[in-house]
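The values are calculated or read from the model by the stated rules, or taken from the named source; none is laboratory data. What you are looking at is a predicted structure, and each value in this text was computed from that prediction instead of being measured. Neighbour counts are summed over all protein chains in view; Cβ atoms, including those assigned to glycine, are modelled from backbone coordinates with ideal geometry. All accessible areas refer to the heavy atoms of the entire protein, side chains included, with ligands and DNA or RNA removed. Shrake-Rupley method; radii C 1.70, N 1.55, O 1.52, S 1.80 Å.
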Amino acid sequence: MRESLIALGVLVFFLFVGHGFLNMLQISEPALGIAGAIVLFLIAVRMVFSSDGAFSSHPGGEPFIVPLAVPLVAGPSAMATVLLLEGREPGRSLEWLAALVAAWLMSSFVLYFASAFARILGQRVLVALERLMGMILTAIAVQMFLTGLQQFYLR
């Protein structure tokens, strides 16, 4: 639960303060989109080809902020998404916040009950789902990368 709350805090921060923060660091939206795509692609490739899975246990038995909160829940792709939503339609901040909280609630529910889901589904189904989701994330990452390149060249 701690990591879910940290991830929500990071995403809410980027929703409301992200543009100013990125401007201060002189990071453009295309650069953020491309960076998010690269990180998402690396996570997706690990999901598709890893034998132990992207969400396997970590040394010490308990993941902390890294890698669960950031980058798996609140990664560059999620940060880029909330930045782009707020940047394109800043008058809808409360709607974006509500959507963010709804998505956070769903992902927190899944993470909280992950052990129960794993027992119900079994190892083979989990591996198949992980690889399928990895393939979908790969396609999303490639699209994000291409969109970032397009935005960069059209500026």
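Given 131, 119, which one is modelled with pLDDT of 90 or more and touching a helix residue (DSSP H, G or I) at 6+ places or on another chain (Cβ under 8 Å)?
131
Take residue 83 and tell me if it is at pLDDT 90 or above, among the aliphatic types (A, V, I, L, M), closer than 24 Å to residue 40 by Cα and surrounded by 14 or more Cβ atoms within 10 Å (Cβ to Cβ).
no
Starting from residues that are of a type outside the set (S, T, N, Q) and outside any helix (DSSP H, G or I), keep the ones in segment 1-40 and report whichever is least open to solvent (accessible area, probe 1.4 Å).
Among those residues, the one meeting the criterion is 27.
Can you find a residue that is among the small types (Gly, Ala, Ser), farther than 25 Å from residue 86 by Cα and at pLDDT below 80 anywhere in segment 35-52?
Yes, segment 35-52 has at least one match.
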